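Structure, as structure tokens:
The values are calculated or read from the model by the stated rules, or taken from the named source; none is laboratory data. Remember, it's a predicted structure, so these values are computed and weren't measured experimentally. Reconstructed Cβ throughout: ideal geometry from the backbone, glycine too, with neighbour counts over all protein chains shown.
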């Protein structure tokens, strides 16, 4: 079975306890296989693409193999580009700078800021009360657009874990001659993704969400918009020659990966993808769903603790649960869980302010404490004991 690096932490009184990491949705711990892959690459670490020495040649080969491994992991089309970025936010900003002139972006107010904020004057849709309403709202919005359009949507909510109907949304987008960009940051650590089969135009995700916390992410998708865009960063590697004017690379990856790239981040991300693929999704998904049911059932049985959700209780989701505790701020709950029980959770609005305010019924003027929630998220390495420790701790707030 897959293994993550473990940690012991101090609790009130000075004792050390094993860390109950329930904060995977923020950053997943490092897989042991990822740590090993990075350690193996370090002795030969060198810059890529421009060196004749052995270390540079070997590192270049590893870097480009990482690109192929990650493309296979997300089921990309053979001719799709894969550009290494810092994270999902960086990837979406790259895509935003590559849009054809006059492109209208449609995005739901349920999005993470990474996919809500990069666009110029987007059409923002209200949170849909049902998945079918999401399809109808996207259909109506795209039908009203004359010219190029891009629908931007998450695959799995970073607030509720709920899975979005990305296949249906892709079909609607293409029916209107639009494209779709999917934030897969919270999906790929939990489920397989086949970009080609789902007919997604662009997919972005971050290594630190998928057990590879070494500062890399990716944008995967169709080449034409990226080929016709100015380089995302202008510098070495992005140019063919420089005189009075610069002649930019026609190769998409080189064009948008100026400077020395985060080679170790790319190797780490590829190692995580390879390990998840080799482990297989069946057992991973089964174990996650079992722990998630244990967590949600336990929360539902505690008076004064309320799970947040956009859609019905039985709607499919990944291992993320956000909740509030009557009479206590989210920060107070998170601090007590950490200091007294060695439990790590997230508190706040999770870089999804409009969505969390909507779920809490708090207006735009809501403050950080009142407008926040607590988020527990699970993944590889989560156990029954972690979940039960959280449930026991939450009962102490009654």
Restricting the range 41-93 to residues that are under 22 Å from the mean Cα position of the chain (by Cα) and assigned to a loop (DSSP other than H, G, I, E, B), the one surrounded by the most Cβ atoms within 10 Å (Cβ to Cβ) turns out to be 74
Scan 180, 145 and give me the residue that is surrounded by fewer than 24 Cβ atoms within 10 Å (Cβ to Cβ), free of Cβ contacts under 8 Å to residues at least 60 places away in the same chain, in contact with a strand residue (DSSP E or B) (Cβ under 9 Å, 6 or more places away or on another chain) and more than 25 Å from residue 38 (Cα to Cα). 145
Determine if the range 351-372 includes at least one residue that is out of contact with any helix residue (DSSP H, G or I) (no Cβ under 9 Å at 6 or more places or on another chain), within 19 Å of residue 127 (Cβ to Cβ) and in a loop (DSSP other than H, G, I, E, B). yes
Residues of the range 153-203 classified as assigned to a strand (DSSP E or B) and within 28 Å of residue 307 (Cα to Cα), total: 7
Filter the range 305-319 for residues that are buried (at least 18 other Cβ atoms within 10 Å of the Cβ) and not in a loop (DSSP other than H, G, I, E, B); the one that is nearest to the chain's Cα centre (by Cα) is 317
Does the range 224-243 contain at least one residue that is surrounded by 15 or more Cβ atoms within 10 Å (Cβ to Cβ), more than 12 Å from the chain's Cα centre (by Cα) and within 30 Å of residue 281 (Cβ to Cβ)? yes
Name the residue, out of 337, 276, 359, that is closer than 30 Å to residue 63 by Cα and crowded, with 19+ Cβ neighbours inside 10 Å. 276
In the range 67-96, what count of residues is obtained for those that are over 16 Å from residue 184 (Cα atoms) and either out of contact with any strand residue (DSSP E or B) (no Cβ under 8 Å at 6 or more places or on another chain) or without any contact (Cβ under 8 Å) to a residue 60 or more places away in the chain (or both)? 6
Condition met for residue 385 (at pLDDT below 95 and in the same structural domain as residue 323 (by TED's automatic domain parsing)): no
So if I check each of 6, 18, 46, which one is in contact with a helix residue (DSSP H, G or I) (Cβ under 7 Å, 6 or more places away or on another chain) and farther than 26 Å from residue 183 by Cβ? 46
Over 28 Å from residue 166 (Cβ atoms) and assigned to a loop (DSSP other than H, G, I, E, B): which single residue out of 380, 302 fits that description? 302
